[in-house]
1. If each label sits 7 angstrom from Cα along the C-beta direction, how far apart, in nm, is residue B:12 from its counterparts in the other copies?
2. Quote to one decimal, in nm, the extra length available between residue A:74 and residue A:98 on full extension: 0.36 nm per residue of separation minus the C-alpha distance between them.
3. If you take the C-alpha gyration tensor of segment B:1-62, multiply each eigenvalue by 5 and take the square root, what semi-axes do you get, largest first, in whole Å?
4. Relative to the other copies, what are the label-point distances for residue A:52, with labels 7 Å from Cα along the C-beta vector, expressed in nm at one decimal and sorted shortest first?
5. With respect to the axis carrying B onto A, what is the closest chain B residue by Cβ position, and how many angstrom separate it from the axis?
6. Quick check: Cα centre of segment A:1-54 to Cα centre of segment B:1-48, how many Å?
7. From the label point of residue A:183, set 7 Å from Cα along Cα→Cβ, how far away are the matching label points in the other copies, in nm, ordered shortest to longest?
8. Given labels modelled 7 Å from the Cα in the Cβ direction, how far is it in nm from residue B:6 to residue B:55?
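Derivation of every value follows stated rules applied to the coordinates shown; laboratory data play no part. Note that the structure is predicted; figures quoted are calculated from it, not measured. Glycine also receives a Cβ, built like all others from the backbone with ideal geometry; neighbour counts cover every protein chain displayed.
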DNA sequence: ACCTGAACACCGTTCAAGT
DNA sequence: ACCTGAACACCGTTCAAGT
């Protein structure tokens, strides 16, 4: 069985199998031999479709980026940019949370990945339409990505170990044992993400008021359009 | 030379050599054999001092965390918490930027790493002293870490490739070629970090006013103590 | 206690050979 | 064009042996 008349592999099939493997067993479980076996071929076959293993993992990461919803940037009023950013951030985080093991790859800059670049491009375009100067629009895309990928990667939930004896209260007087319970940790992640996202958007709205809204054709000067509730408690 | 009378290795010596190797050639360059060779011993010797390779990399990451300045949380007025958070964030980012290759390890939650936990503990304690409820103080420590590690990890500067043909303007209409120049990229990282940090702190100050300052013994109700300049442009 | 060499079960990648 | 087995130069880790 040297060359079959119909190709056994395709880039899509490889990415699909790699994604499943990453999700099920983590990044370390992906070896070219193991992945090939999962696809019923021998190891070197993969090199007919990808230049190397890193390119496969990049494609897996990009498939996740492709699932990020970008529709809010086209559909809504450009002046609702905080609401659009909010919804986008939530969708982005949801996509990453569904595939936590690939986040380390995805977090390392957009690189050459098309879907990652498409995301960056959409945010930038929407911020420019909202009236932000080009430089600031770029910053916003970057800083939002920092926060979102950082939260998906450095989650409290994954960071701690389920061994209570590992954290001596004498060493960390403020880190109560309560933080170390598994379900409490997930609460921390949710709360920290929501709190941080709200702060980020409120802070950006403040900068918008001070630099963009004043002196442009923008309708009202006060309150901008902070759609997301500024405080929920 | 089976066992020398004076040990050839120590945890510190191993961590030092591993740090140097990571900084010079990246994470992939660190193999137990290579690291051992650098130290003048054979591969398996390392296992007398660390349980496995991951523990070595954890120790390298923790050594970076240990360089983060925490003095601002003890020295300054607790009500100056935004200024303290700001200075801490800058110091944290500087420490990570000096050792970019280990950030992926460090970003994956504080885990068992003592210095990482000490950082989390210091921030939490300072926020509680500033009057934040325990839950919010935890969130602040987590969300700041998200942003800082995210910015160190997903930097624009490292994310792009120095091959102009890789980015067809037809595919990404808003991503101007100017963004793709190496020095421009570093500007983006700096600007995005500063803009994001300012937004984060402004937004948190807003939440502080609305939830903490009102109804407590806090001195003034308006303005809190936003030391960092709210706008520099 | 702390180092060694040998060994085990793996890796990523290249390449000539097959159709 | 697309798959194969063989081969190369590596891995992380275990373990008996040495002092």
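1. Counterpart label points of residue B:12 in the remaining copies fall at 5.9 nm.
2. 6.2 nm
3. Calculated on Cα positions only, the semi-axes equal 19, 12, 10 Å.
4. Here the equivalent label points are 2.5 nm apart from this one.
5. Smallest Cβ distance to the axis, with its residue: B:150, 1.
6. 34
7. Going from nearest to farthest copy, the values are 5.7 nm.
8. Result: 2.5 nm between the two label points.
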